[in-house]
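This report concerns only the one structure given below.
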Amino acid sequence: MSMYAREFFAELGLPFTDATVVGTTYYAAPTPGPLRLRIDFSPTIRTCEYDGLRLATLHQDRGQLDAVVLRFEDHHTFDHRDATRGRTSQDAGYGKFKEFRDRPDWVPWEGAHTRGLRDAIEHYTTIWFPGAWTPCAPSRATGRTAGKAPFQPASRAGSRAR
């Protein structure tokens, strides 16, 4: 398989232990229950060209519940590669990669910086799969100004007391 999808998903470093790559698609069960995560490459209108990842939340019985495309360009995945090649956002192939099936040694996503994609996947999965990611350590110590405001229960407007 010339896309090296398994290596790409390994480079993302997703923390899901119950996961596998089938063909060019990543499947995971981030939390116990009926929901599953599917990640595959998002094709452009050109053959064998991809401009992002498509994340989908699947229910075992109800099918697809939600889907979102994370574009490589939006997450600066290929900014360094394109800058070294002199490509700008107006050039063809900017922020994309092309698969060459006749070149099995070609790694099309080589040089990708996946941190932005990983952060976006983390954001998406924390919404659909709470508790799937371990909480990160705080980036700085809590200052004196960071206090918790007391919770005020919402009151009904316009209601009469008897």
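The values are calculated or read from the model by the stated rules, or taken from the named source; none is laboratory data. Quantities reported herein were computed from a predicted structural model and do not represent experimental measurements. Reconstructed Cβ throughout: ideal geometry from the backbone, glycine too, with neighbour counts over all protein chains shown. Accessible surface is based on the protein model in full, side chains and every heavy atom, while ligands, DNA and RNA are left aside. Shrake-Rupley method; radii C 1.70, N 1.55, O 1.52, S 1.80 Å.
Brief remarks on what is shown
- Of all residues making up the range 37-53, the number that are without any contact (Cβ under 8 Å) to a residue 40 or more places away in the chain and either farther than 12 Å from Tyr27 by Cα or of a type in the set (Asp, Glu) (or both): 7
- Elements of type strands (runs of 3 or more DSSP E) contained in the range 31-110, each with 1 or more residues being more than 25 Å from Trp133 (Cβ to Cβ), open to solvent by 70 Å² or more (accessible area, probe 1.4 Å) and at pLDDT 75 or above: 35-43
- Applying a threshold of 6 Å to beta carbon distances and a minimum spacing of six or more residues, or different chains, the list of pairs starting in the range 1-30 at a residue that is touching a residue at least 60 places away in the same chain (Cβ under 8 Å) and among the hydrophobic types (A, V, I, L, M, F, W, C) and ending at one that is surrounded by 18 or more Cβ atoms within 10 Å (Cβ to Cβ) and in a strand (DSSP E or B) reads Phe16/Ala28.
- Leading residue by the ranking (nearest to the chain's Cα centre (by Cα)) among those in the range 1-11 that are crowded, with 18+ Cβ neighbours inside 10 Å and not hydroxyl-bearing (Ser, Thr, Tyr): Phe9
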